[in-house]
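The values are calculated or read from the model by the stated rules, or taken from the named source; none is laboratory data. Keep in mind that this is a model prediction, so the values were computed, not measured. Here the Cβ is made from the backbone with ideal geometry for all residues, glycine too, and neighbour counts use every protein chain on show. Quick note on the areas: whole protein, heavy atoms, side chains included, nothing else; ligands and nucleic acids left out. Shrake-Rupley method; radii C 1.70, N 1.55, O 1.52, S 1.80 Å.
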There are 2 protein chains.
Amino acid sequence: MIYICLMTKTGKPDWSGCPTRYAAGIVGDKWCFLLLRDVLLHGKRTYREFLASPEGISTNILANRLSKLEALGMFTREPDPRKASSVCYFPTQKAKDFLPALVSMMVWATQYDEMTEAPASFAASFNDDPNGTIAWYVAEMARVDRALRGG
Amino acid sequence: MIYICLMTKTGKPDWSGCPTRYAAGIVGDKWCFLLLRDVLLHGKRTYREFLASPEGISTNILANRLSKLEALGMFTREPDPRKASSVCYFPTQKAKDFLPALVSMMVWATQYDEMTEAPASFAASFNDDPNGTIAWYVAEMARVDRALRGG
DNA sequence: CTCTCCACTTGCAATTTGCAAGTGCTTTGA
DNA sequence: TCAAAGCACTTGCAAATTGCAAGTGGAGAG
């Protein structure tokens, strides 16, 4: 297997701290994580929509996290194509590429969260055809953005 | 495909908020995230080892997060088999099952973190054989725990 | 020309964090 | 036997972050 080259003699990859540390800086914040979910899975694109999420983010924190995510190259801030005085936040490719990781976490949570609203079959379906599941979400995102931007 | 049943007429799964919210409660905390990484990828098991991570968690926060992760059923707290007066934290099956999501995040971060120490080939290798990559980490964890517990 | 909507910003109290020092228990070494 | 060291925390406190409520400025509608 190709990845054998990554392992050290003790059997541990000696670099594995770094990429996870990077991920922790973004995902390891509850609000960034949930905004990413709203954009990638719920098709939300506006300040109003984010504010309406059931977790109840407050306005100052929302503004702060939106600019953080913009600075990190995850979101772009653009005038709303439907109404120039409003604003839309679109996911960049970098954000879109996070989708498989997010879906993985959904699969895990579906299995262990007793309060989950997701049917148990979701994990099975994903394991059956992970690429198909992700492709469906990607297509959904494209649909949302096409509807908004027409491009 | 099986998962078609999960989608609503508007094309959105109407439940997708919940499992991610559950994940956000655990992973959406920088320190829990990094402790999970230390246990799943770095083979760390003791308070001392966690404290030594380069991110520099402070002692009170470490104690707090260890008990949070124990309460969440992610870690078990047990006497160190090598030295009864010391303590080990072992990942439960629930934590171990989080590994694919963590590896997904590593793949993503490897692609976008300019400071990454991981070779670019990691993402390619993972895409080549995701199950093999994860299986390798699972085997590593088993090795660590076998070495410690002998069971 | 006012009223409303929108996307924030500000002020402030409350919570959480980080740091330094201390605690109690066990083991180690002289 | 008994002081010294190690371990896994706990405590106190200042500093940073958060949550809440209210306010601001600009565009668009009536």
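Some points to look at:
- Meets criteria (under 30 Å from B:Asp129 (Cα atoms), hydroxyl-bearing (Ser, Thr, Tyr) and more than 13 Å from DNA strand C (Cβ to nearest atom)) for B:Thr46: no
- Only one entry of A:Phe75, A:Phe98, A:Phe122 meets the criterion of being of a type in the set (A, V, I, L, M, F, W, C), open to solvent by less than 20 Å² (accessible area, probe 1.4 Å) and modelled with pLDDT under 90, and that entry is A:Phe122.
- Selection within the stretch A:85-98 - of a type outside the set (D, E, K, R) and either facing another protein chain (nearest Cβ under 9 Å) or without any contact (Cβ under 8 Å) to a residue 40 or more places away in the chain (or both): A:Ser85, A:Thr92, A:Gln93, A:Phe98
- Filter pass, A:Glu140 being open to solvent by 10 Å² or more (accessible area, probe 1.4 Å), touching a residue at least 24 places away in the same chain (Cβ under 8 Å) and within 12 Å of chain B (Cβ to nearest Cβ): yes
- Qualifying residues in the stretch B:23-46 (those that are within 13 Å of chain A (Cβ to nearest Cβ) and assigned to a loop (DSSP other than H, G, I, E, B)) - the one nearest to B:Ser85 (Cα to Cα): B:Lys44
- Counting only helices (runs of 4 or more DSSP H) that fall entirely inside the stretch A:51-132 and contain at least 3 residues that are more than 16 Å from DNA strand C (Cβ to nearest atom) and over 13 Å from B:Thr20 (Cα atoms), the qualifying elements are A:93-96, A:121-128.
- Residue within the stretch A:17-31 that is at pLDDT below 95, of a type in the set (Val, Ile, Thr), buried (at least 21 other Cβ atoms within 10 Å of the Cβ) and more than 15 Å from DNA strand D (Cβ to nearest atom) present: yes
- Answer from B:Ala118, B:Ala124, B:Ala139 - the residue that is touching a strand residue (DSSP E or B) at 6+ places or on another chain (Cβ under 9 Å) and among the small types (Gly, Ala, Ser): B:Ala118
- Restricting attention to the stretch B:59-69, the residues that are within 13 Å of B:Tyr47 (Cα to Cα) and either open to solvent by 60 Å² or more (accessible area, probe 1.4 Å) or in contact with a Lys or Arg (Cβ under 7 Å, 6 or more places away or on another chain) (or both) add up to 4.
- Cross-chain or 6+ apart pairs with Cβ under 9 Å, the stretch B:47-74 first and closer than 24 Å to A:Tyr112 by Cβ and within 14 Å of chain A (Cβ to nearest Cβ), then more than 12 Å from DNA strand C (Cβ to nearest atom) and among the polar types (S, T, N, Q): B:Gly73/B:Thr92; B:Met74/B:Thr92
- Positions within the stretch B:33-55 being over 20 Å from B:Ala95 (Cα atoms) and either in contact with a helix residue (DSSP H, G or I) (Cβ under 9 Å, 6 or more places away or on another chain) or open to solvent by less than 50 Å² (accessible area, probe 1.4 Å) (or both), in sequence order: B:Pro54, B:Glu55
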